[in-house]
Amino acid sequence: MKKILFAALLTLIACFAFAQDESLNQAPSIEEKGAEENSSKKSRHNWSITVDFAYYTKSDPVAANGERYARITGPYDGPLFGVTGAYDYTIPLVGQSALTKDNNLKLCADFQISPATLKPHAFVSCSPIAFLVFNAGVTLGTGWECLGNQGLASYNAASGKYDNLTPFKNFFYEFDVSATFQFDAAALWPGDWHHIVFMAAYDFRFSGMTSVADGNPWIWAADFPKVNGANYYANIILGYQMPKKVSLVGVQAEFEGFYSDSQIDARYRNYDIDFCRINISPLAVFSLTKKDSLFALLYFERRRGYDSAKGSVNGREQSEVEMNCSGGEWYFRRIAVRYIHKF
């Protein structure tokens, strides 16, 4: 009962903060993996609560061609806050060698809440050998507008704006399959100070919005415009793990996009829906206790760049999907902190 009350309290707190983008929805990274190292490995039932907070700075876009950098133009562009409760049940798999003795199958579920979205997620995770993990899952979410942040919205071509969809009657859905390769140098070079860790993951996703036609842009969790169809997310991490309170330092690279520009309506092809969005993030992990971990990250992002400032279309302001994408624009995006408690 105490666990349920604790999770409910944090969930209520989340309702009073902003939801800025979709970054809470990304595939599991070394952050979750690091928290698992600090938790008990004896129980097959594992519960956790994650609290995410991020602070955004403002960077106005720069109209140009090719790659460019957008400097910080304001100290504040909004916060992000979210809470996720998670559960998994571990089924050990038979293995005798060093590569297979910790093999397992996990049945997992989590429930994420932010001020603009609700998102339950269920998946199966299988580790047939020490350096490989395979996941398959399904997500169903709904949202609303909160303090100007749209959780669930569809593009209106006439107005050039996004119309909010009715929550609990319209849903975001996603099916995903991923593979993760992970390696620790200490496996070949034993020692507490020899943990040079590497992880690379590729996640194939099929995402969509109910009641929205294929090819028409939509917004989920106040993030950049997307469309129904196949897309990808890739994650690469290189770090150094230490037997100290600062247990890991490293760098993370994330890549996200769609496979083809034909996935969006022909009217918006210049938007370049298959643009590759990139995040480069120095990170540090702090082991507070055996069950509590804190993660700090600095995000530098490559977003779409445009060859001109917004103009007018049919007497209204031009929307982002009507503009001409011209290369990438690098900018400092945010400072992020994540706290994970394992019960």
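The values are calculated or read from the model by the stated rules, or taken from the named source; none is laboratory data. None of these values were measured; they are calculated from a predicted model. Note that we place each Cβ from the backbone using ideal geometry, even for glycine, and neighbour counts take in every protein chain shown. Side chains included, ligands, DNA and RNA excluded: accessible areas come from the protein's heavy atoms. Shrake-Rupley method; radii C 1.70, N 1.55, O 1.52, S 1.80 Å.
A few notes on this one:
- Flag if residue 222 is touching a residue at least 24 places away in the same chain (Cβ under 8 Å), among the small types (Gly, Ala, Ser) and assigned to a strand (DSSP E or B): no
- Residue in region 210-219 that is part of a strand (DSSP E or B), crowded, with 16+ Cβ neighbours inside 10 Å and under 18 Å from the mean Cα position of the chain (by Cα) present: yes
- Residue match in region 52-72 (condition: open to solvent by less than 30 Å² (accessible area, probe 1.4 Å), more than 26 Å from residue 298 (Cα to Cα) and either at pLDDT below 95 or not charged (D, E, K, R) (or both)): no
- Any hit, region 172-195, residues being in contact (Cβ under 8 Å) with a residue 40 or more places away in the chain, closer than 29 Å to residue 271 by Cα and β-branched (Val, Ile, Thr): yes
- Residue in region 4-19 that is of a type outside the set (Asp, Glu), open to solvent by less than 80 Å² (accessible area, probe 1.4 Å), modelled with pLDDT of 50 or more and part of a loop (DSSP other than H, G, I, E, B) present: no
- Meets criteria (among the acidic types (Asp, Glu) and out of contact with any strand residue (DSSP E or B) (no Cβ under 7 Å at 6 or more places or on another chain)) for residue 163: no
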